[in-house]
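Peer 1: First, the structure itself, so that you have it in front of you.
The values are calculated or read from the model by the stated rules, or taken from the named source; none is laboratory data. Please read these numbers as outputs of a predicted model, since none were measured by experiment. Don't worry about glycine lacking a Cβ; one is built from the backbone with ideal geometry, like all the others, and counts go over all protein chains shown. Each accessible area value is taken on the protein alone, full model and side chains, heavy atoms only, with ligands, DNA and RNA left out. Shrake-Rupley method; radii C 1.70, N 1.55, O 1.52, S 1.80 Å.
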Amino acid sequence: MPVRRGHVAPQNTYLDTIIRKFEGQSRKFLIANAQMKNCAIIYCNDGFCELFGYSRVEVMQRPCTCDFLTGPNTPSSAVSRLAQALLGAEECKVDILYYRKDASSFRCLVDVVPVKNEDGAVIMFILNFEDLAQLLAKSSSRSLTQRLWSHSFLGSEGSHSRPSGQGPGPGRGKYRTVSQIPQFTLNFVEFNLEKHRSGSTTEIEIIAPHKVVERTQNVTEKVTQVLSLGADVLPEYKLQAPRIHRGTILHYSPFKAVWDWLILLLVIYTAVFTPYSAAFLLSDQDEPQRGSCGYTCSPLTVVDLIVDIMFVVDIVINFRTTYVNTNDEVVSHPRRIAVHYFKGWFLIDMVAAIPFDLLIFRSGSDETTTLIGLLKTARLLRLVRVARKLDRYSEYGAAVLFLLMCTFALIAHWLACIWYAIGNVERPYLEPKIGWLDSLGAQLGKHYNGSDPASGPSVQDKYVTALYFTFSSLTSVGFGNVSPNTNSEKVFSICVMLIGSLMYASIFGNVSAIIQRLYSGTARYHTQMLRVKEFIRFHQIPNPLRQRLEEYFQHAWSYTNGIDMN
């Protein structure tokens, strides 16, 4: 699987909230991207599609001037006014004659609202559509009902409150109507909910354009005023700046990718040479030599020191590397990164980076060499992180097969080191000398001499023989030319056979899955072709048409590989 990059800033749910709230108000609207060519439409709701008879697919990516809705009787002045409002990024209300898909026309009231970001640049437009005939009918019925109720209320109170024939009192002069059409706008207004409730119930206040305040104010207030919602309902539309602290490293940056590959190579080196060095190269005669010449006697020891330093540097880098949390957000705060690292891989990385051979150097203990060899194997804990990162290549069959083979060879290498360590530890205490190392020395003519520590087979002979034994035991039951003789060697051989059986099952299972994946397309092709032939046989289709059907199926499969393009 690819690396999860995550979001460097919190996700903006502005559009989702606008769409959800507008849908709840039964509105007909569309949203256009002001930064695309011709201000392309990026969303239209079901109410818009029902009003004009178009499907969403037919509307998407068209210019928000809605030229496809105009007809022969549409006034050019209204079209020009709408285009000018979009070009000048101005709030506008246009009365225009539009045509549905079935060629029927109706008068439509269009509200144009530009949406700006924190820099004042227009990034989208919201266009709301209302059928004027429906608005007029609703307004008239509502006005008639309210007036009947008002007259009945005034009759019960008496007619002395106001002389008949007089116009509305001075307290009502602030309420204005235009043909009793309610004006729903998205302009910046001074909205007072209490004032709106306490006003006249028979007439509707018109929101005048002169109440528009500074255009730097955010569009959220306009939308909340139309929807009669609180200011805290809708989030602010703002392009969040990436929250990347100074000194932090993005987990998907090129530097981190190169560094991860370098650490991977060092971990592979550690996985191969650490068991080999602990089992074969550390011996009793090395300790006095290291005491005389210091820590730099062997080049391999110097390389181990460099690897330890690189692992310590990797720990420092991990404390400054971002990560992706459960919300798919990139976390770059140093304290949160440190807490996350402490809870995760810090302990394993710390143990793997400790230079135990430096700490125990010149300790004077008789078991120093054995202890160093055992503690150095703690570096193999780094393989746990490598195994987790290699999971991203599991979708590639060839990569999985290669990794399985490398894993098999690495486990065989480790078992060979353990096999030699068992024989080397037991050899001084065996009587008679029946261990596999003594048998190897007798076969090669290089017998062990108790007075000469350098006697016996060479390191190359011992390693190759040990590796040959583990490979033969993992892949089969062995050939007998290198056989376990002592109880410890026999118990270890049993364990090797059990491990070999499990590895056989995992490797062959993955190989069969890989092969099945390779031929899955062919299997689907034969299955579909069999269905076509069954269809031909059931309907008794004659040969010419039968041949055409089969050829068409083969031709379509060669282009689509069995994928339904619809």
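Peer 1: Per-residue counts of other Cβ atoms within 10 Å, averaged by peptide: what ranking do you get for 423-433, 457-467, 539-549, 484-494, highest first?
Peer 2: Descending packing order for the listed peptides: 457-467, 484-494, 423-433, 539-549.
Peer 1: Still on this structure, I have one more. 7 Å from Cα along Cα→Cβ at both Gln35 and Ala133: what's the point-to-point distance in nm?
Peer 2: In this crude spin-label approximation the distance works out to 4.1 nm.
Peer 1: Which of the peptides 75-87, 107-119 is most tightly packed, and how do the rest follow, going by the mean number of other Cβ atoms within 10 Å of each residue?
Peer 2: Per-residue mean Cβ counts within 10 Å order the peptides as 107-119, 75-87.
Peer 1: Also: Can you give the FRET efficiency for Ala513 and Gln460, using 1/(1 + (r/R0)^6), R0 = 30 Å, r = Cβ-Cβ distance, to the nearest 0.05?
Peer 2: Using R0 = 30 Å, I get an efficiency of 0.20.
Peer 1: Additional query: How do 38-51, 267-280 rank on mean C-beta neighbours within 10 Å, highest first?
Peer 2: Going by the mean number of other Cβ atoms within 10 Å, highest first, we get 267-280, 38-51.
Peer 1: Take the Cα atoms of segment 392-523, build their convex hull, and give its volume per residue in Å³.
Peer 2: Spelled out: Cα convex hull of segment 392-523, divided by residues, is 122 Å³.
Peer 1: Contour minus end-to-end for Ala442 and Gln528, with contour as 0.36 nm per residue of separation and end-to-end as the Cα-Cα distance?
Peer 2: Additional length available on full extension: 24.3 nm.
Peer 1: Something else now. Which of the residue pairs Lys389/Lys490; Lys116/Lys138; Lys256/Lys376; Lys376/Lys462; Lys462/Lys490; Lys376/Lys433 have a Cα-Cα distance greater than 25 Å in the structure shown?
Peer 2: Beyond 25 Å: Lys389/Lys490; Lys116/Lys138; Lys256/Lys376; Lys376/Lys433.
Peer 1: Another one. Return the long-range amide H neighbours of Glu329 (sequence gap of 5 or more, or a different chain), with a cut-off of under 5 Å between placed amide H atoms.
Peer 2: The list, which skips near neighbours in sequence, is His7.
Peer 1: Run the Debye formula on the Cα coordinates of segment 423-478, all scatterers equal and no solvent, and tell me log10 I(q)/I(0) at q = 0.16, 0.27 1/Å.
Peer 2: With one equal scatterer per Cα and no solvent, log10 I(q)/I(0) is -0.51, -1.16.
Peer 1: From the residues Cys495, Leu467, Gln516, which one has its Cα farthest along the dipole of segment 454-554 in the positive direction, the dipole being from +1 and -1 charges on Cβ of Lys/Arg and Asp/Glu about the Cα centre?
Peer 2: Of Cys495, Leu467, Gln516, it is Gln516.
Peer 1: Under a crude label model (7 Å from the Cα following the beta-carbon direction), how far is Leu498 from Asn327 in nanometres?
Peer 2: 4.8
Peer 1: Any idea how far apart Ile354 and Leu390 come out in nm if each label point goes 7 Å out from Cα toward Cβ?
Peer 2: Each label point is offset 7 Å from its Cα along the Cβ direction, giving 2.6 nm.
Peer 1: Tell me, what HN-Hα J-couplings in whole Hz come from the Karplus equation 6.51 cos²θ - 1.76 cosθ + 1.60 at θ = phi - 60° for each residue of segment 107-124, using x for Gly and Pro?
Peer 2: These are the phi-based 3J(HN,Hα) values: 7, 10, 9, 10, 9, 10, 10, x, 10, 10, 8, 5, 8, x, 8, 6, 10, 6 Hz.
Peer 1: Continuing with this model, one more query. Around Tyr43, which amide H atoms from residues at least 5 apart in sequence, or from another chain, sit under 5 Å from its own amide H, with H modelled in the peptide plane?
Peer 2: The answer is Ile31.
Peer 1: Rg and Dmax of segment 27-139, Cα atoms, in Å?
Peer 2: For segment 27-139, the Cα-based Rg and Dmax read 13.6, 43 Å.
Peer 1: For segment 459-552, what ratio Rg/Rh do Cα atoms give with a Kirkwood hydrodynamic radius?
Peer 2: Taking Rh as the inverse mean 1/r over Cα pairs, Rg/Rh reads 1.49.
Peer 1: Next question, about the same structure. Taking the Cα centre of segment 420-499 as origin and charging only Cβ (+1 Lys, Arg; -1 Asp, Glu), how large is the dipole, in debye to the nearest 20?
Peer 2: 100
Peer 1: What's the carbon and sulfur percent of segment 442-566's accessible surface, probe 1.4 angstrom, rounded to a whole number?
Peer 2: Here carbon and sulfur together make up 60 percent of the probe-accessible area.
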